[in-house]
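A.B. asks: Below is one structure. I have some questions about it.
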Amino acid sequence: MTKNITSFNLAAAVAMAMLISACSITNLGWLRNSEDVDRAFATLQVSPNCRYWYLYLENSPYAVLGLDREYRIEDISWTEVEPGSEVFRKVVGLVESFPVPGSRTYGAYILNSKGERIGVWYSSMSAGITVDPDTKVVSITTGTPWMHGDGNDSFD
């Protein structure tokens, strides 16, 4: 009897893991490199249809992204920034001038699971993208190079 219960629990756990995995795969987005996006960030041209955020600290950013206004990020690692502001110019310049070692800064479109453009990306890092189609919350997974630095990151 115990063996049957254990087998059932294992089978239920495997089925649940497969279901969760299948659901999360359907929400995966991705980045598609774009020279147009690269040029737009390099010349500080922004879309009025996007809200913008930068990753990590103002004086040590690793990425800048813009999302269509119906989408948002709910992650404390990202700070919203006004696209015409001095802070925006500063973080875009720092992302461009100081890529992660061994990388180069590039522009890309952020695509949802259907391949539709929902934003723009500017960074020297790659990213995993997950989009909740119901809440329009975008989750971005990147490396964390600031966790391996020399500890001299400045805080505003």
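The values are calculated or read from the model by the stated rules, or taken from the named source; none is laboratory data. If you're wondering where the values come from, they're calculated on a predicted model, not measured in any experiment. Here the Cβ positions follow ideal geometry from the backbone for every residue, glycine too, while neighbour counts run over all protein chains shown. SASA here: full protein model, heavy atoms, side chains in, ligands and nucleic acids out. Shrake-Rupley method; radii C 1.70, N 1.55, O 1.52, S 1.80 Å.
A.B. asks: Quick check on my filter: what residues within the range 107-119 are open to solvent by 30 Å² or more (accessible area, probe 1.4 Å) and not in a loop (DSSP other than H, G, I, E, B)?
C.D. replies: Passing the criteria: 109, 117.
A.B. asks: Can you give me the number of residues within the range 107-131 that are at pLDDT below 95 and of a type in the set (Asp, Glu)?
C.D. replies: Total meeting the criteria: 0.
A.B. asks: Oh, and also: Just checking: which of the helices (runs of 4 or more DSSP H) contained wholly in the range 1-106 hold 2 or more residues that are at pLDDT below 95, over 26 Å from residue 131 (Cβ atoms) and open to solvent by 80 Å² or more (accessible area, probe 1.4 Å)? Steps first, answer last, please.
C.D. replies: Working: elements: 2-25, 35-42, 86-97.
Fully inside the range 1-106 and qualifying: 2-25.
A.B. asks: Does residue 105 satisfy the condition of being more than 25 Å from residue 27 (Cα to Cα) and in contact (Cβ under 8 Å) with a residue 12 or more places away in the chain? Give the derivation first.
C.D. replies: Numbers: more than 25 Å from residue 27 (Cα to Cα): yes; in contact (Cβ under 8 Å) with a residue 12 or more places away in the chain: yes.
Against the criterion (more than 25 Å from residue 27 (Cα to Cα) and in contact (Cβ under 8 Å) with a residue 12 or more places away in the chain), residue 105 qualifies.
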